[in-house]
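Reading through the structure tokens given below for one structure.
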Amino acid sequence: MKYQAKNMFLGVAFFSVLLAGCASTDTDSSGQEGADTVSTYTESADANSSAYDAQDMTNLETVFHFEFDQATLTAKARAALDAQIVRLKKTTGPVRLEGHADERGTREYNIALGERRANAVADYMAINGIPRYRIESVSYGEERPVAFGQSESTYSQNRRVELK
């Protein structure tokens with residue numbers, strides 16, 4: 001019993017130290033503690049509005065397609081991702097990657113395939129300078145198709161990762 005209480009005390013002490021180490025006392029230029037990162041981002045985006053134009057953002061690809069039963073990036077997808085990475089390096093917000101598959105295969109297999117695809121994009125982004133903590137990956141498998149039908153052209157449209 002004494003050993004259990006000692007372990008519990010050590011666990012609580014370790015957790016307390018961990019939480020205290022994660023506390024932030026950063027100040028912004030106005031001297032306010034714990035500056036809100038959203039307002040800091042908004043202010044820096046306004047100050048650097050010439051750095052990238054909102055119109056340029058609409059011209060970038062946000063959907064990356066894959067070959068049948070594959071989770072490897074094509075050359076076209078890598079080129080589109082490179083352009084997105086340049087834009088994302090200028091921001092600080094989160095990135096959501098939604099993996100999808102066509103209707104062929106079981107539901108479980110397609111969920112796993114969509115996850116592998118989203119993770120392939122996330123890994124590529126992380127290797128190229130986007131912090132991994134900003135990237136969220138989710139898989140919808142075959143549940144959210146953008147095209148309906150049973151032809152190769154509709155299947156190819158559904159094999160994708162969407163950047164949100």
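Filtered by the rule that a residue be aliphatic (A, V, I, L, M), surrounded by 12 or more Cβ atoms within 10 Å (Cβ to Cβ) and not in a helix (DSSP H, G or I), region 126-150 gives 130, 135, 138, 147.
Determine, yes or no, whether residue 96 is of a type outside the set (A, V, I, L, M), surrounded by fewer than 16 Cβ atoms within 10 Å (Cβ to Cβ), modelled with pLDDT of 95 or more and within 16 Å of residue 160 (Cβ to Cβ). Yes; evaluated as a whole, the condition is true for this residue. Residues of region 95-106 include at least one that is closer than 18 Å to residue 62 by Cβ and basic (Lys, Arg). Residue 74 meets each of the listed conditions (1) more than 16 Å from residue 157 (Cα to Cα); (2) without any contact (Cβ under 8 Å) to a residue 24 or more places away in the chain; (3) not aromatic (Phe, Trp, Tyr) apart from (1).
The values are calculated or read from the model by the stated rules, or taken from the named source; none is laboratory data. Remember, predicted model here, so these are calculated numbers, not experimental data. Heads up, the Cβs are rebuilt from the backbone with ideal geometry, glycines too, and the neighbour counts pull from every protein chain shown.
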